[in-house]
1. Let me spell it out: the conditions are (1) away from chain B (no Cβ under 14 Å); (2) out of contact with any Pro (no Cβ under 9 Å at 6 or more places or on another chain); (3) part of a helix (DSSP H, G or I); (4) open to solvent by 30 Å² or more (accessible area, probe 1.4 Å), and A:Arg380 meets all of them except one. Which number is the exception?
2. Residue check, A:Asp108 against (1) in a loop (DSSP other than H, G, I, E, B); (2) under 20 Å from A:Leu332 (Cβ atoms), all met but one. Which one?
3. In this structure, is C:Glu102 more than 16 Å from the chain's Cα centre (by Cα), within 14 Å of another protein chain (Cβ to nearest Cβ) and touching a residue at least 60 places away in the same chain (Cβ under 8 Å)?
4. Quick one: count up the residues across the stretch A:26-67 that are of a type outside the set (A, V, I, L, M, F, W, C), part of a loop (DSSP other than H, G, I, E, B) and farther than 16 Å from A:Ala287 by Cβ.
5. When both residues are 6+ apart or on different chains and their Cβ atoms are under 8 Å apart, which pairs have a first residue that lies in the stretch C:445-461 and is more than 8 Å from chain B (Cβ to nearest Cβ) and part of a helix (DSSP H, G or I), and a second that is among the acidic types (Asp, Glu) and buried (at least 20 other Cβ atoms within 10 Å of the Cβ)?
6. Among the residues of the stretch C:159-174, is there at least one that is within 30 Å of C:Val248 (Cβ to Cβ), small (Gly, Ala, Ser) and away from chain A (no Cβ under 14 Å)?
7. Looking at the stretch C:46-72 only, could you name the residues that are closer than 17 Å to C:Thr267 by Cβ, assigned to a helix (DSSP H, G or I) and within 17 Å of the chain's Cα centre (by Cα)?
8. What about B:Ala255, is it open to solvent by less than 10 Å² (accessible area, probe 1.4 Å), more than 13 Å from chain A (Cβ to nearest Cβ) and either touching a Pro at 6+ places or on another chain (Cβ under 6 Å) or not β-branched (Val, Ile, Thr) (or both)?
Amino acid sequence: MNDAFPEARLLAASSANPELERAKARGKRIIGYFCSYVPEEMIHAAGCVPYRMRATGSRGTTRGDTYFSVLNCSFVRHCFDKALHGEFGFLDGVVFTNGCDHARRLYDNWRDAGKKLGLGPDFLHMLVVPHKVSDTALSRYEAELRTFQAELEGFSGAPIPKESLAQAAVLYNEIRRRLGALQAARRAVPVPVAGSEVLDLSLALTAVPADRALELLTRAEAALAGRTAGGQDDVRVLVTGGCLEDAALFRMMEDAGASVVAENVCFGARHFHRLVDDRKPPLEGIAERTLRHVSCPRMIDDFETRAHALEKTLREFRADAVIAHKLKFCDLWGGETFLLRKEAERLNVPFLALEREVYGGGTGQLATRVQAFVEQVRNRKGRFTEQEGQDHG
Amino acid sequence: MGNETRMISAGYDVGTRFVKVCVARGGEMAGGASEPVAGDLRGVCRKAFRRACGRAGVSPRHVRRVAATGFGAVHVNGAGACLPVSLCAARGAHALAPAVRTVVDAGGLFLTVTSLDETGQAVDSITNDPCAAASGKFLEMVAGALEVPFEEVSARVQDSASPYRISSTCAVFAESEVISRVNTGADPADILAGVVGSIAGRAATLLEKVQAGEPMVLVGGLARIDAFVRIFEGLTGRQAPPLSPYPGLVPAYGAALAAAGLTGRRWFFLRPHR
Amino acid sequence: MQALITQRYGVAKHALRLMRRTHRLTAHPRLFRVLRKALDPLVLEKETRWNQGFRWGTLLLGTALSEPGELAATRHIFQDMLDYMTGYLEPEQAGRPVVWSEWNLSNEILRGFDVTPYIPETLAVMAQIAGTDCAVRIVEEAEAAGLPAEYCSASKFAVGGLLLGQSPEPDLIITSSHPCDSVTSVYQVLHYLTRAPLFVLDTPYWDDEASFAYYEKNLRELISFLERHLNQKLDWDRLAQVCQNVNVTNRCLQDVTEMARAVPSPTSAEVLLFHWIDRMACFGSANGARYAQAVYEATQARLKAGKGVVPEERIRVIWYDVPVTFAPLYAWLEREFGAVTVADFIGRIQQVPIDTRSEESILQGLARTHLACTMVRQTRGPAEFYTTELHRIIEEYAGDCFLFMGHQGCKGGWAILRLLRDICRKAGIPALFLSTDIFDKRCLSEERIKQEITEFFRSHNLA
């Protein structure tokens, strides 16, 4: 039996995993990174394994809260708590970004804890990403990536030739393209794979070396043949939002009768969107792909592009409704939710906004709201179908 | 009764759940009382005061100086001063156990950790952030919802095999989380253990922020909950015995001492708080 | 209050009326001073329905600003504010395009065009003039419309003002990516709601030549954007004059900032904070420069005479992160405790001179000036930008205590409380950390803030 999806689920549910241990045993170094604006291929080209940081397995925020406060995002607090408990001890380096006010302070607090509490690793880098997607911003981002490359070379002790960068870009393009195709398969009615399964797979792909990621994808593609995961009458939803690393939220929606046919979340589609243009010099191509993939609300000049992408996805995936989620105290997704609601009104699409903590925190309440929402959408669908029948009857 | 060393003073600790009053005579704790907060707060204060005087064997008229502390200190009629809880907890703890260097006050709504020097002076203190599910009141609420008498909470927590970890920092959302768990059939013991663990965890976080010294004691209402003490000690790896004999009265006792001026600092004969 | 909210520009018109009266009074500083002191007992304790209409302005002109030299100087700021407000309240007369500019973005460049600048967050200040309930009403309007509760209150005023018809419609909007996520987010909302073309200056994270060059490039693009949409050319001569005003202002106010190191301090942060209001709306104005010059001279005279700004300085306060704008506390601190705010987060100035000899040097200077502005310089980069300044203040200002207001909107500040706490502990300075809001009294009331500060002073033997 093809165990790709169950294996993905296990990988998604664990912090470290045997794949990383095997990589370390082969002499590979693991570099953690926050945010989809960090190009994984550069870390790979430096001979290291990129690992997307998650709060998975966190037991609380008791120690994280000695630095952060209750007004800070639970994702960041949980991650830092894990760090202070030594649960990221398998990392040889960490790359941070100025993704948001909460996340960028991880860089500051981690360094401080390094000085005062001996928190490792030693290699800590802040990759600064512009807040715009203009050509000037792109040039700036390229310069930032050159600095990043120099830092990686210093860390690894070896230069990163252009060819290595180009090959790494090709490799990660392959992962993105194939995951994109798998995601696109969800346009079918009914869907061949559940949204929760795809999210688990997306998470797993960021937690293992690239060759293992490709192997997992191959098995996942094979598993899709002849498969259905939903029903004809499922309410098809598009989920959008920020950090969502726990597929349990999608499973809860699926239990409520919804089918998550598309998503635009940090660890999911947004992470894998767009390919590196291999006609360009590799660093420039990587910079352009990374800066110009579907953006998140930290990009101030890009809402119209995001809105168009959302509308296109709604159409292509025949989604009946939009569910937007945000973590508490997230200004960026708070404002984005306000705008998405307006867009949903304009498009006459049912819209639900959820607010949550990264783990736990009122799941019962969320489930109730989702159930009620799904029922409303189902009834609405029924009315439209009936109306269409009358109109054509 | 004119001898200052025999001066009778009273301290009020007006918390969010209880009003505690302690009468001190010559620097010693002479009597105390606690009344639940309900309705007319000033009436509750008066009642607690009279009971404390009764237990101390003194007439209310003979109480020469009064100071108040706690969330509702401003509502105490006739208080010579309103003082911070951290200061009063420090004073009271130091008087009862001069070696103490850290006082953890776990009360109805607030957790306060105070570090003190060898003279009993509060050096640093920190209180939990707003919207924290880190309060005795929250525990009381959950126990009530589970129909577990508050005095049985410790015993029930002892029975827990798998404490439920509460992730919300906001009591409103934490309550919702707890209700969900109850509705899905979770064991009340596990839920109570989770709530106590959550409060103990918040206290442990505060402890680390203040870089608290040894030895440490617990005061306030939650200090009477054995389960809280046990879990807190487990989380911090430190001894945190409740300061006997009446941990709930320690801040009120400290306020009484401050009122009497037995600290030796003249300015503690304070200007009335406006 | 309801009438002000429901009437178009009601809040601004009310503020304008009061400012006109105050402006007239500043022509007679000694009389103004007597009147100001007479009003003290009526306003110091708390806000009531009776004193609501004049309390805020009276409190703002606290001890440091109620000396004759400083009171006379405020005339220039009031003139600037009158010009700013009449500029958009009577646009038909001016006929000029309205350009919205984000409150932390130094917008001198707009003075090189024929436009009416409007800073949406200034409504947060104007609303306090009408009473704190009025301010809360505007915030509630934004929240009721679906704006996230966690947004900075300044952002809520920007949106609330738009929804309530208290702001002019923009023809263009300019913003930056500093200082925080709330600004990053709300200007996307404003752009969506108004459909006005938006330009964003991307603020660099570091303090190196590449960062300044990048920001300079952003400024050039801003100029192109403005020229294209306004169909005007930037008047570089006018901009050069504006930059000279900026130089004078910054030089004088930096000296005032530094003079506060003296014991007793000849000045207080409220002198600098008063200018911050002007800086938001009218930075680079000749009036701003005149104010700066006047307060510099008044402060210097006191310094030379060895006089403090209060009769008896007993507590020297280092005040972070934001002022409690809905209840200026300086007069209360000074009267009650002899407490003088010798250094603060918002008011202090760090000067970067602008070389006005060429267009290129102007832009280079402006880039550096912008990035050295209040709030921008501390919050846009790594924690060191925040902590290094605090270290310096602690070393040089002989502060007795550190008060941190804990503005709800500043998640980046909340995320480094441990670092600030450790700095104070190592320096042996008692520190009070509160959880308040710069403009919204609902978070922590004036009464509670005063209670906390009082208890803190007493428990640390400062009072």
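1. Checking A:Arg380 against (1) away from chain B (no Cβ under 14 Å); (2) out of contact with any Pro (no Cβ under 9 Å at 6 or more places or on another chain); (3) part of a helix (DSSP H, G or I); (4) open to solvent by 30 Å² or more (accessible area, probe 1.4 Å), the one that fails is (2).
2. In the conditions (1) in a loop (DSSP other than H, G, I, E, B); (2) under 20 Å from A:Leu332 (Cβ atoms), A:Asp108 misses (1) alone.
3. Considered against the rule, which asks whether it is more than 16 Å from the chain's Cα centre (by Cα), within 14 Å of another protein chain (Cβ to nearest Cβ) and touching a residue at least 60 places away in the same chain (Cβ under 8 Å), C:Glu102 comes out as no.
4. Total meeting the criteria: 14.
5. Sorted first by the residue in the stretch C:445-461, then by its partner, the pairs are C:Glu446/C:Glu47.
6. The answer is no, given that none of the residues of the stretch C:159-174 is within 30 Å of C:Val248 (Cβ to Cβ), small (Gly, Ala, Ser) and away from chain A (no Cβ under 14 Å).
7. C:Leu60, C:Ala64, C:Leu65
8. So B:Ala255 passes the test.
The values are calculated or read from the model by the stated rules, or taken from the named source; none is laboratory data. Not measured: the values here are computed from a predicted model. No Cβ is skipped: glycine too gets one built from the backbone with ideal geometry, and neighbour counts run over all protein chains shown. SASA here: full protein model, heavy atoms, side chains in, ligands and nucleic acids out. Shrake-Rupley method; radii C 1.70, N 1.55, O 1.52, S 1.80 Å.
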